[in-house]
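Below is one structure, written out as structure tokens, with a few remarks after it.
Values quoted throughout were computed directly from the atomic coordinates according to the rules given, and no laboratory measurement underlies them. Since the structure is predicted, the reported quantities are computational estimates derived from the model, not experimental observations. Quick reminder, even Gly has a Cβ in these numbers, built from the backbone with ideal geometry, and neighbours come from all protein chains shown.
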Amino acid sequence: MTNHRRNSSGRHNSHRPRGRSNSMAAVGGRGGLRPSLRTPSPPGPSRQPLGPTVEGSGFASNSIGTFHPRRDSPANGGASATDSPRRRGAADSGTRLLAVPHGAMVIFDVPAVDPGTIISISAERARPGAIPNRPSFIPATVLSQGMSEFAAWNRNVLSAMATRTFVISNGVDLEYFSAILSSPSMPGLYRAITSVCFDQFYWFSGVKENRMACPALVAAENLPGLQRLSLTFHTAGLTWSSYTERERMRIEEVDLEQSKQLKPMPVEAVITKYDLAKVFNLDSLKTLELKCINSNMVANYCTQANPMDVFWALRGYFNEGFVNQGRLIAIGLGAIHG
């Protein structure tokens, strides 16, 4: 298990960047932003959408099993929580107790995101004449408040944005999203964002010699009010060849199908590839939702082990890390069959 050093406050300090990153430098450095604005509290569920949103059923899923870090969990050397259901307090009386891969823990449900609150950045930038300074989810009639009526802007706009989930599907989306947040006409918007979904997180090719960080998680670090983060993996990105390059080329000459055999990556390699240690830098995080597309094609070439094993193992990694920070974070895991 990867070790995480802590400072005197108990927080992780490994991999914490010094200063703002280049990927979203504009978010923290443009004059149009108002860092003094506080992140507004989300309004009640009866609030109507401020502006048009996209149909989000493709992004919002049913509730999925969730692992809440516990110091007495098997992952941390304690007794199995399922051995003693009485450990659950009154606040947990409505939760379900389920069996899970690789040991048992108390599992709760991560509520699904309300489809009516989802804003797809891909759909936003695909609009005819779309520009970051005038997003469709903030009506033009109230956009001017950001430059003059700051109290009304904070009350009417930023509080509504705190209830939205922004779906970012690729690098182009991320750049467009960054441009929206850094627009002088929308001061403090970056502080109001509480929920982000990277529904194609698996397209990130990994931290390498010329790429020192994952842009998606660097962007998340620059959202101080982020409470919910959703990442979708794919088994193709959690496996690698069963052979060395030389072995694979030799086998390919006599048995092409055999040369395509895969095996799960070690969990440490996955953590490094996707720069997952940055998740521990999200100080406002309350819910971490992890999904993985379980590809039939990948499974056909991964015959010696289950390619999903490394995905389930991420639970232990995050569980241990958050417990070491003294934080109670809802960690949901779910498989998508594809």
- For the range 263-334, what is the charge dipole size about the Cα centre, in debye to the nearest 20, if Lys and Arg each add +1 at the Cβ and Asp and Glu each add -1 at the Cβ? 80
- Message: Which residue, C292, N222, A236, has the largest displacement toward the positive end of the dipole of the range 185-338 when charges sit on each Cβ (Lys, Arg +1; Asp, Glu -1)?
- Response: N222
- Message: So for the range 111-215, averaging the separation of alpha carbon pairs under 8 Å that are six or more residues apart and normalising by length, what relative contact order in percent results?
- Response: 31
- Item | Phi to ³J(HN,Hα) by Karplus 6.51 cos²θ - 1.76 cosθ + 1.60 over the range 327-334, Hz, x for Gly, Pro | 10, 9, 10, 6, 10, x, 10, x
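About the Cα centre of the range 117-238, how large is the charge dipole given +1 on each Lys and Arg Cβ and -1 on each Asp and Glu Cβ? Please answer in debye to the nearest 20. Before the final figure, lay out each step's value.
Values: 9 positive and 7 negative charges, 31 e Å.
In total the dipole reaches around 140 debye.
Once you have the Cα-Cα distance between N170 and M249, take 0.36 nm times their residue separation minus that, and quote the gain in nm to one decimal. Write down the numbers at each step before the final one.
On the way: separation 79, 0.36 × 79 = 28.44 nm, distance 3.25 nm.
Between N170 and M249, full extension yields 25.2 nm more.
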- In the range 199-338, what is the count of Lys pairs whose alpha carbons are under 17 Å apart, counting only pairs at least 8 residues apart or on separate chains? 5
- Item | Pairwise label distance in nanometres, W203 with N300, each label 7 Å out on the Cα-Cβ vector | 2.4
